[in-house]
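Following: one structure in structure tokens, then a few remarks.
The values are calculated or read from the model by the stated rules, or taken from the named source; none is laboratory data. This one's a predicted model, so the numbers in the text were calculated from it and none came from an experiment. No Cβ is skipped: glycine too gets one built from the backbone with ideal geometry, and neighbour counts run over all protein chains shown. Calculation scope for accessible area: heavy atoms of the full protein, side chains included, ligands and nucleic acids excluded. Shrake-Rupley method; radii C 1.70, N 1.55, O 1.52, S 1.80 Å.
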Amino acid sequence: MPKLANRITQTSKKSYGMVAKAGGLAGSGRDLIHLELGKPFHDTPAHIIEATVDAMRRGEVHYSDLAGLYDFRVAIADKLVGYNKMEVGPQDVLVTNGLTQASFAAFMALVEEGDEVILLEPYYPQHLGKIEMAGGRPVTVTLDPSDGYRLDPVRIAAAITPRTKAIVLVNPCNPTGRVYSRQELEGVAQLAREHDLFVISDEVYDHIVFDRETHVSIATLPGMKDRTVSMYAFTKAYAMDGWRLGYLVAAPALMSGLAKIVATEVTHVNTFIQHGGRAALTGPEAVLRDMVADDQRKRDLVVARLNQMPGVTCPMPQGTIYAFPDISAVGLTSQEAADRLLDEADVVVESGAFYGPAGEGRLRICFGSESTERLTLAMDRMQKFFNAL
Ligand SMILES: Cc1ncc(COP(=O)(O)O)c(C=O)c1O
């Protein structure tokens, strides 16, 4: 039996991919523009920071409930009822260290040695690593780029075998920027019901949807509540990436296993951080709206500029903070283009192939991590690069 770490063939961007490569240039004096990592541009809103500092000063520095502070879970449940349209209460919620720990718990609790887990490609690489860590076998299903990476039930059904345990969904999708329609989700839900599968649903971008798109949580579709682990975080929408705060929601039959894993791993999330999370959920909603509106303006800028570059075609992301332009016409692989943009244009973007072979011919560009001025400069540099090819 290999050590756990040896099972993981691919890990996070911080140790692999352009983040690691550009990180090696820190201190080189080069003016790199970083569009490779989904790190929010804004700082955490002040009222969230104040509530956290207040909590520390009040002495909220001791152990909390293992599942998370009760009042915090009440606020989360209210958000899930109001925004995600779920019928849940605080007992259905487990507070985690970011979405990363929620998905760790989900894969560890649901996947047994030899189980197959379907990953839709392009996929989020950390999910792949966690399936492997749990002893499962990731089975990738390639979504069709020419069909807008639509959730295609025929392709997914073809990958289902008697060993299939779960389907992983990322909605809104990193890296494609797709926000799946109710009808697309219904196709996946129908397969899950028919074949008795779980759905592990990463909804870290649930608030970051544009043009009045509606985010639909697959757990709200008929028959899905008991077979879905829905996972969220404060990371992106509230600009709280360094706080490491997230949560999952699951049916009672799954919750005991999930809670056991989190309690065994970390006991619980830092108590005062949870007070900050509660302030985020109960504080002014305008803060969230303004940050998403800023993301939308930046999306519009970046997508318009990318579409002016020769050989580059960029579909409009419906959500997330990523553009996923098609550069297959320029005669470079994704990795070659990302490497040359770093070397020749001082712009760091991620190769589409980082998200699996279905991402070949694409770049992933984060428009949510820089100021408008820096994004404009990045687009000027990229324009010059593609003009000169
Ligand atoms: C799809 C997806 N899931 C999970 C995460 C990680 O979330 P967290 O920082 O809350 O652990 C990210 C971060 O980029 C993401 O894009």
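In table form, for the structure just shown:
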{"read-out": "Residue within segment 178-194 that is more than 20 Å from residue 224 (Cα to Cα) and surrounded by 22 or more Cβ atoms within 10 Å (Cβ to Cβ) present", "value": "yes"}
{"read-out": "Restricting segment 100-135 to residues that are in contact with a Lys or Arg (Cβ under 7 Å, 6 or more places away or on another chain) and in a strand (DSSP E or B), the residue that is surrounded by the most Cβ atoms within 10 Å (Cβ to Cβ)", "value": "117"}
{"read-out": "Condition check for residue 295: away from the ligand (no atom under 16 Å from the Cβ), assigned by TED's automatic domain parsing to the domain that holds residue 366 and more than 24 Å from residue 60 (Cβ to Cβ)", "value": "no"}
{"read-out": "Output for segment 186-205, where each listed residue is assigned to a helix (DSSP H, G or I) and among the small types (Gly, Ala, Ser)", "value": "187, 189, 192"}
{"read-out": "Restricting segment 206-265 to residues that are under 13 Å from the mean Cα position of the chain (by Cα) and outside any strand (DSSP E or B), the residue that is nearest to the ligand (Cβ to nearest atom)", "value": "235"}
{"read-out": "Residue satisfying all of: in segment 26-77; outside any helix (DSSP H, G or I) and β-branched (Val, Ile, Thr); most open to solvent (accessible area, probe 1.4 Å) among these", "value": "61"}
{"read-out": "Unmet criterion (only one of (1) farther than 23 Å from residue 253 by Cβ; (2) touching a residue at least 12 places away in the same chain (Cβ under 8 Å); (3) part of a helix (DSSP H, G or I)) for residue 183", "value": "(2)"}
{"read-out": "Options 310, 317, 284; residue that is under 14 Å from residue 367 (Cβ atoms), part of a loop (DSSP other than H, G, I, E, B) and either within 16 Å of the ligand (Cβ to nearest atom) or over 20 Å from the mean Cα position of the chain (by Cα) (or both)", "value": "317"}
{"read-out": "Scan of segment 78-99 for residues that are more than 16 Å from the ligand (Cβ to nearest atom) and either in contact (Cβ under 8 Å) with a residue 24 or more places away in the chain or open to solvent by 60 Å² or more (accessible area, probe 1.4 Å) (or both), ordered by number", "value": "78, 80, 81, 83, 84, 85, 86, 87, 88, 91, 92"}
{"read-out": "Given (1) in contact (Cβ under 8 Å) with a residue 12 or more places away in the chain; (2) among the aliphatic types (A, V, I, L, M); (3) surrounded by fewer than 21 Cβ atoms within 10 Å (Cβ to Cβ), index of the condition residue 338 fails", "value": "(3)"}
{"read-out": "Failed item, numbered, when residue 362 is tested on (1) buried (at least 24 other Cβ atoms within 10 Å of the Cβ); (2) over 28 Å from residue 291 (Cα atoms)", "value": "(2)"}
{"read-out": "Residue satisfying condition, being of a type in the set (D, E, K, R), within 30 Å of residue 52 (Cα to Cα) and without any contact (Cβ under 8 Å) to a residue 60 or more places away in the chain, within set 294, 290", "value": "290"}
